[in-house]
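The values are calculated or read from the model by the stated rules, or taken from the named source; none is laboratory data. None of these values were measured; they are calculated from a predicted model. Cβ: placed from backbone, ideal geometry, glycine included. Neighbour counts: every protein chain shown.
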């Protein structure tokens with residue numbers, strides 16, 4: 001199945017569903033282990049300060065790569081932990097011409 005693509009060609013971002021839930025899941029992941037901010041940062045390829053900022057609310061969103069890596073490390077489905085921030089659609093081979101009516 002094709003991956004959702006943003007309608008406006010801006011990069012898709014993900015916002016945590018619940019920051020407290022992220023912290024709790026990090027304490028006991030899908031395999032029963034604990035995942036530290038450093039663990040998440042390492043698998044996501046980012047600085048651990050970014051992970052701390054997301055958990056504190058200072059950073060509101062992350063890239064798809066970070067959300068996917070974080071979810072995989074804690075053993076939880078992406079959309080259980082993260083909400084896409086932008087309106088998305090399934091990519092099509094051609095775009096609807098400007099000014100065309102689109103069914104809602």
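Could you check residue 68 against (1) under 22 Å from residue 11 (Cα atoms); (2) touching a residue at least 24 places away in the same chain (Cβ under 8 Å) and say which number it fails?
With respect to (1) under 22 Å from residue 11 (Cα atoms); (2) touching a residue at least 24 places away in the same chain (Cβ under 8 Å), residue 68 is out only on (2).
Restricted to the stretch 76-87, and to residues that are buried (at least 17 other Cβ atoms within 10 Å of the Cβ) and farther than 14 Å from residue 35 by Cβ, which residue is modelled with the lowest pLDDT?
84
Suppose the filter is surrounded by 15 or more Cβ atoms within 10 Å (Cβ to Cβ) and modelled with pLDDT of 95 or more; does residue 47 pass it?
No.
If a residue has to be closer than 16 Å to residue 81 by Cα and either assigned to a helix (DSSP H, G or I) or over 13 Å from the mean Cα position of the chain (by Cα) (or both) to count, how many in the stretch 11-35 make the cut?
13
Would you point out the residue of the stretch 41-55, among those that are assigned to a helix (DSSP H, G or I) and touching a residue at least 24 places away in the same chain (Cβ under 8 Å), that is nearest to residue 14 (Cα to Cα)? Explain how you work it out, then say what you get.
First pass over the stretch 41-55, keeping only residues assigned to a helix (DSSP H, G or I): 41-44, 48-55.
Of the ones still in play, those that are also touching a residue at least 24 places away in the same chain (Cβ under 8 Å) are 43-44, 54-55.
Values: 43: 17, 44: 14, 54: 11, 55: 13 Å.
So the residue we want is 54.
Residues to consider are 73, 38; find the one that is at negative phi, surrounded by 15 or more Cβ atoms within 10 Å (Cβ to Cβ), in contact with a helix residue (DSSP H, G or I) (Cβ under 6 Å, 6 or more places away or on another chain) and assigned to a helix (DSSP H, G or I).
That would be 73, the only listed residue that is at negative phi, surrounded by 15 or more Cβ atoms within 10 Å (Cβ to Cβ), in contact with a helix residue (DSSP H, G or I) (Cβ under 6 Å, 6 or more places away or on another chain) and assigned to a helix (DSSP H, G or I).
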